[in-house]
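Asks: Below is one structure. I have some questions about it.
The values are calculated or read from the model by the stated rules, or taken from the named source; none is laboratory data. The model shown is predicted, which means the values in this text are computed figures rather than measured ones. Every residue, glycine among them, receives a Cβ derived from its backbone with ideal geometry; neighbour counts consider all protein chains shown. We work out accessible area using only protein heavy atoms, side chains counted, and drop any ligands, DNA or RNA first. Shrake-Rupley method; radii C 1.70, N 1.55, O 1.52, S 1.80 Å.
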Amino acid sequence: MDDSGVSERRPLLGDGPRSPAGPPSIFHGRRLACAAVLLAELLERVAFYGITSNLVLFLNGPPYNWEGTQASQALLLFMGVTYLVSPFGGWLADALLGKFPTILVSMALYLLGMLAFPAMAHQPTRQWLCGDVPLWPIENCSVPVNATLSPCRLKGTARYCTIATFVGLVLVGLGVGSVKANITPFGADQVKDRGPEATRRFFNWFYWSINLGAILSLGGIAYIQQNVDFTIGYIIPAVCIGVSFLVFLWGQSFFITKPPDGSAFTDMFKILGYSCCSRKPAEEYLRSRNTQGILQQQPPKQSLFEMAKSSRGGPFREDKVEDVKALVKIIPVFLALIPYWTVYFQMQTTYVLQSLHLRIPQFSNSTSNSHTFPAAWLTMFDAVLILLLIPLKDKLVDPYLKKNGLLPSSLKRIAVGMFFVMCSALAAGILESYRLKQVKVATINQTIGNGVYIAADMSIWWQIPQYILIGFSLEFAYSAAPKSMQSAIMGLFFFFSGVGSFVGSGLLALVSIKTIGWMSNHTDF
């Protein structure tokens with residue numbers, strides 16, 4: 001009797017009899033499971049970008065009136081929480097609950113946090129959540145007749161609806177981080193037994209689903225939020241994550257689910273603790289040195305891990321120790337990517353903030369119904385470039401380089417990605433220096449969403465080079481993404497991404513100090 005059901009639960013509908021016309025597709029019997037995972041991920045990405053794409057605009061406008069720096073920091077902190085929680089989500093799935101229950105619980109938490117944003121955008125529920133809008137004294141607006149000063153504004157730095165905003169962001173961040181760490185390896189489980197080709201093809205579709213969800217959200221929801229209504233613009237992503245939850249729940253009958261079999265993080269800490277604190281490895285190493293001679297001894301660092309193996313007298317299985325060794329080896333690569341993520345996350349914060357203070361084109365000249373170009377649309381260059389570059393790189397560039405022995409290593413690709421992201425930041429800095437010079441000469445007032453922004457008379461299209469460069473950088477940087485689909489490995493990758501987001505938030509706070517001057521003036525930002 002087959003005992004495979006003890007270690008995992010397979011779908012009730014098997015592969016069925018094979019057709020006499022030829023072998024079945026590698027996805028035969030798994031199409032429904034794969035489609036459910038892809039649809040759930042696409043809807044989750046629509047919801048995620050529905051929150052992040054215009055959060056700066058939402059908080060920067062009335063009635064919240066957060067400073068641009070404060071709104072950007074809120075988004076960076078949210079991104080940091082999202083990525084930092086990923087290792088815990090991976091550990092929870094691998095060690096305690098299993099991937100399917102963890103994803104389901106995380107989506108429920110995700111939905112709970114998402115509901116806070118349409119509630120804040122809708123005036124009656126916003127007043128119940130946040131209380132009355134604080135009233136601040138007005139600046140003295142008496143100026144000479146011929147003076148050309150900026151409009152009067154409210155004094156005060158208190159942020160309206162702070163508690164509800166951060167509670168919603170934290171709940172969504174916890175849900176996103178746990179889903180992010182587990183849905184990728186869960187998708188791999190659906191086709192893993194069909195061979196590497198099935199896994200490769202599935203993840204091609206998976207990656208396209210991610211980028212398609214980003215494009216749909218940035219293209220449609222961002223437009224609605226900026227030009228129609230934030231309430232509707234936040235209801236749509238909340239509905240999307242609700243449907244994603246239902247799709248995943250419905251797929252329980254045909255998903256391949258596996259019980260938790262232990263986390264690589266738990267094993268890593270146990271093995272590291274045993275290797276560092278136990279005297280047994282050191283004693284065995286010294287005996288080996290005395291009996292075998294100095295030429296046959298192993299490097300001390302390697303011997304610590306080797307002595308933890310059961311074959312060397314340690315308490316751990318061979319494969320567990322090898323997994324920990326792989327984790328330790330990949331950490332320096334992830335550390336090297338922290339500066340990259342620090343700059344990359346500026347695309348959704350300071351880059352968007354910069355665009356609000358450049359001249360944004362209008363779709364209509366009618367004063368009663370004027371729609372403006374969504375500032376968040378420029379971030380679509382990232383997703384569109386990925387969709388174009390991945391097939392081109394896989395089908396043409398990489399095969400050509402491999403044929404001629406020129407295919408760069410992962411570290412070289414990371415270095416190229418670093419170069420492109422550095423060029424993107426440099427382009428943004430040059431544009432910002434010109435923008436700050438321009439606002440001293442002449443400014444324009446433009447209505448975006450619910451707020452009026454003082455902008456330089458420079459076109460938003462000057463931002464295109466920095467978005468293109470950061471799009472190129474992402475393709476190279478993702479070559480460092482782990483090929484293994486274990487939850488712990490993916491969680492570790494996202495963890496260091498979150499560190500980069502927090503570093504970016506710290507840098508933003510630094511340049512916002514009034515003694516430095518940049519981004520400390522509301523009339524400029």
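Asks: If ligands, DNA and RNA are left out, what is the accessible area of GLU197 with a 1.4 Å probe, given in Å² to the nearest 10?
Replies: 90 Å²
Asks: May I ask you to give the solvent-accessible area per residue for region 158-273, in square angstrom, as obtained with a 1.4 angstrom probe?
Replies: Numbers: 4430 Å² over 116 residues.
Ligands and nucleic acids excluded, the figure is 38 Å² per residue.
Asks: Mind grabbing the accessible area of CYS276 for me, 1.4 Å probe, Å², rounded to tens?
Replies: 100 Å²
Asks: Which FRET efficiency value, to the nearest 0.05, is calculated for LYS402 and ASN445 with the Förster distance at 35 angstrom and r the Cβ-Cβ distance?
Replies: Details: r = 55 Å, r/R0 = 1.57.
For LYS402 and ASN445, the calculated efficiency is 0.05.
Asks: Largest first, how would PHE265, PHE245 line up by accessible area (1.4 Å probe)?
Replies: Details: PHE265 20, PHE245 50 Å².
Ranking PHE265, PHE245 by accessible area, largest first, yields PHE245, PHE265.
Asks: Turning to a different aspect of this structure: What does the accessible area per residue of region 35-133 come to in Å², with a 1.4 Å probe and no ligands, DNA or RNA counted? Could you put the intermediate results ahead of the total?
Replies: Details: 3010 Å² over 99 residues.
Using a 1.4 Å probe on heavy atoms only, each residue of region 35-133 averages 30 Å².
Asks: Among the listed pairs LYS309/LYS412; LYS99/LYS180; LYS192/LYS258; LYS270/LYS325; LYS309/LYS329, which have their C-alpha atoms separated by more than 22 angstrom in this model? Don't skip to the answer; put the middle values down first.
Replies: Values: LYS309/LYS412 34 Å; LYS99/LYS180 11 Å; LYS192/LYS258 12 Å; LYS270/LYS325 13 Å; LYS309/LYS329 18 Å.
Flagged as over cut-off: LYS309/LYS412.
Asks: Tell me, what is the 1.4 Å probe accessible area of LYS258, in Å² to the nearest 10?
Replies: Surface accessible to solvent at LYS258 totals approximately 80 Å².
Asks: While we're on this one: Using only Cα atoms, locate the centre of region 173-235 and the centre of region 434-458, then give the distance between them in Å, rounded to an integer.
Replies: Cα centres, region 173-235 to region 434-458: 35 Å.
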